[in-house]
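Visitor: My questions will all concern the structure given below.
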Amino acid sequence: VEVWNGALHVHTTYSDGSGDVATVVAAAKSARLRFVLLTDHDTLAPRQDVGDGWHDGVLVGFGVEVSPPENHFLAFGVSEVPDRRQPPEAYVAATNAQGGFGFAAHPHDRGSPLLRLPPYRWTASYDGVTGIELFNYMSAFVAEAQRLPGALAALAWPTRRIAGPDPETLALWDRLLALRPTPMVMGIDAHAYRLGPLTVFPYERLFAALQMFLYVPRPPAFDASDLALVYDALRTGRGFGARTDLGLPEGFHFEVDGALPGDEIRWTPGLTAHLLTPPGGEGRLLQSGRVLARGRKDLAARLEGPGPVRAEVWRGRQGWVFANPVYVTPPT
Ligand SMILES: [Zn+2]
Ligand SMILES: [Zn+2]
C-alpha cells in the first residue's frame, strides 16, 4: 500500500477562482502534492480544454461542484455536468448514472453577513450521495468571520482561530454511518480571492494547510490509470484527511487488526482498534459515534461488537486528523 497526498475542491478562472489551471498546478507542485482535484461551479470545460491526467508532475482530475443556491455537490468521474436546476435527488442520481460519485459539500455552512455570504447548507436527502465533505477550510473560516475582529483574527492566525469540523457535521456523519458506509473528504474550497493587491488564502497556502492522504495499491504508472486509483480511494474512503497547517501528521496510523480505513473486517472476539497518535495531538477512537478511548498517546481499544470504527486527532478546538472508518461487520 502507498499513501498519496493531495487536495480537492479547488476553483479556477473557469468559475470564481482567481487562478487559471496552470497556476493551480504550479501551486500544487510547489506544495508537493501528488494529486489535485478541481471542481469549478457547474462546468467541466477545463476537463475538455486541459484534460485529466499528469500535468507537470501533478496528477490532475476535473470534477464539478454542482452549485444551486444551496445543496452544493462535488461530483467526480462524470463527463456531463449534472444540471443544477434539477432537485438535488436528480443531480445526485445523474452523477451516479454516469458511473460517477459525489459528496455533499460543506453541509453546515453558516454564511457570514460581514462577507455577504448566505449559508450554503445541504438540506436535501443523503440517499444516493456517496459521502460528505466533513470539513471545508473556507466554510470553517467563514464560521469565524461573522464580525470583522473574528475575520481578521482568523486570517492572521488560522491555525489558532479556524476550528472544526463543525460538531453538527460530525454528528451527521455518525448518523449516516449507522445506516451505511459513508466516506468523508476534507476540502479546501480554494478560490484565492483577490482583494485589491491582496490574495486571500492563495492556492499554495491552502494546499499546504489541508490534505487528503489516500491508500492506493501501487506506485504511480504516470498514465490515466492513476486517477482511477485516486477516485477508487475516495469513493471507498481509503484514507484520512489532515489539517497540515497544524503540522504534518507524522506517525499517524489507524487500523483494526490490519484493516485500514475503508476496509471491512468481520467481528471476532478480541478484535482491537489501534491509533498511533502524532505528537502534540489528542487521539480518540470511536465506534458507532461512541468514544472508546482517548488520550495523548497511542491508543488501543478492544471492540465489543460490530459497527464502524474511526479515529480522530485534535489540537484543542482544531480537528487535526480524521480517518475514514474501518467497517466491522457482524459475524455470519
Ligand atoms: Zn460550495
Ligand atoms: Zn466550492
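Visitor: What helices does the chain have that are whole DSSP H segments, at least 15 Å long along their own axis by Cα, and with mean Kyte-Doolittle hydropathy of 0.5 or more?
Guide: 167-179
Visitor: So for the pair Thr123, Glu168, with labels modelled 7 Å out along Cα→Cβ, what separation do we get in nm?
Guide: According to this spin-label approximation, the distance is 1.2 nm.
Visitor: Something else now. Two decimals is fine: what's Rg over Rh for the stretch 229-332, C-alpha atoms, Kirkwood radius as Rh?
Guide: 0.97
Visitor: List the trypsin sites (Lys or Arg not before Pro) within the stretch 221-298 that DSSP assigns to loop and that have no more than 16 neighbouring Cβ atoms inside 10 Å.
Guide: When the trypsin sites (Lys or Arg not before Pro) of the stretch 221-298 are filtered for loop state and at most 16 Cβ neighbours within 10 Å, Arg296, Lys297 remain.
Visitor: A follow-up question, please. In nm², what is the average projected area of the convex hull enclosing the Cα atoms of the chain?
Guide: 16.2
Visitor: Another one. Which order do Asp245, Asp49 take by accessible area at a 1.4 Å probe, largest first?
Guide: Asp49, Asp245
Visitor: May I have the convex hull volume per residue, in Å³, for the Cα set of the stretch 1-114?
Guide: With only Cα atoms used, the stretch 1-114 gives 134 Å³ per residue.
Visitor: Under 11 Å from the Cβ of Pro269, count the other residues' Cβ atoms, weight Lys and Arg +1, Asp and Glu -1, and hand me the total.
Guide: Local net charge: 0.
Visitor: A follow-up question, please. Would you please name the trypsin sites (Lys or Arg not before Pro) within the stretch 72-163 that are DSSP coil residues with at most 12 other C-beta atoms within 10 Å of their C-beta?
Guide: Arg85, Arg116, Arg147
Visitor: Right, next: For Lys297 and Trp157 in one chain, what is 0.36 nm times their gap in residues minus the Cα-Cα distance, to one decimal in nm?
Guide: Extra length available between Lys297 and Trp157 comes to 47.7 nm.
Visitor: Using a Gaussian network model of the chain whose springs link C-alpha atoms within less than 10 Å, name the residue from Gly131, Gly316, Gly247 with the highest mean-square fluctuation.
Guide: Result for the chain, Cα springs under 10 Å: Gly316 fluctuates most.
Visitor: Once every DSSP H run of n ≥ 4 in the chain is given -39500 (n - 2.57) and the sum is divided by its residues, what mean residue ellipticity at 222 nm do you get, rounded to the nearest 500 deg cm²/dmol?
Guide: -6500 deg cm²/dmol
Visitor: Give, as a single signed number, the net charge of other residues whose beta carbon lies under 11 Å from the beta carbon of Ala90, with Lys and Arg counted +1 and Asp and Glu -1.
Guide: Spelling it out: positives minus negatives among the neighbours equals 0.
Visitor: Have a look at the DSSP beta bridges in the chain and tell me what percent are antiparallel, nearest 5.
Guide: The antiparallel proportion sits near 70 percent.
Visitor: Which chymotrypsin sites (Phe, Trp or Tyr not before Pro) does the stretch 114-211 hold that lie in a coil by DSSP with at most 14 other beta carbons within 10 Å?
Guide: Hits after loop and neighbour filter: nothing returned.
Visitor: Going 7 Å from the Cα of Thr272 toward and past its Cβ, which residues in the stretch 314-332 have a backbone nitrogen under 20 Å from where you end up?
Guide: Label zone hits: 326-329.
Visitor: In Å, the Kirkwood hydrodynamic radius of the stretch 152-197 over pairs of distinct alpha carbons?
Guide: Taking the inverse mean of 1/r over all distinct Cα pairs, the stretch 152-197 comes out at 13.5 Å.
Visitor: Right, next: Quick one: net charge around Pro219, please, counting Lys, Arg +1 and Asp, Glu -1 for every other residue with C-beta under 15 Å from its C-beta.
Guide: Cβ neighbours under 15 Å give a net charge of -1.
Visitor: Quick one: Cα centre-to-centre distance for the stretch 17-62 and the stretch 149-215, in angstrom?
Guide: Using only Cα atoms to place each centre, the spacing works out to 19 Å.
Visitor: Could you tell me which of rounded, prolate or oblate describes the stretch 43-92, using a ≥ b ≥ c as the square roots of the eigenvalues of the alpha-carbon gyration tensor, with rounded for a/c under 1.5 and, failing that, prolate when a/b is larger than b/c and oblate otherwise?
Guide: Prolate shape, in that a/c is at least 1.5 and a/b is the bigger ratio.
Visitor: If ligands, DNA and RNA are left out, what is the accessible area of Thr13 with a 1.4 Å probe, given in Å² to the nearest 10?
Guide: Thr13 has an accessible surface of roughly 80 Å² with all protein chains in place.
Visitor: In addition: Is the stretch 160-235 best put as rounded, prolate or oblate by its Cα gyration tensor, with a ≥ b ≥ c the root eigenvalues, rounded for a/c under 1.5, and otherwise prolate when a/b is larger than b/c, oblate when not?
Guide: oblate
Visitor: How much of the accessible area of the chain, in percent, comes from carbon and sulfur atoms when a 1.4 Å probe is used?
Guide: C and S atoms contribute 54 percent here.
Visitor: How far, in nm, would the chain grow between Thr199 and Arg116 when pulled straight, counting 0.36 nm per residue and subtracting the alpha carbon separation?
Guide: Length gained, Thr199 through Arg116: 28.1 nm.
The values are calculated or read from the model by the stated rules, or taken from the named source; none is laboratory data. This is a predicted model, so every value here is computed, not measured. We place every Cβ from the backbone using ideal geometry, glycine too, and count neighbours over all the protein chains shown. For accessibility, only protein heavy atoms count, side chains too; no ligands or nucleic acids. Shrake-Rupley method; radii C 1.70, N 1.55, O 1.52, S 1.80 Å.
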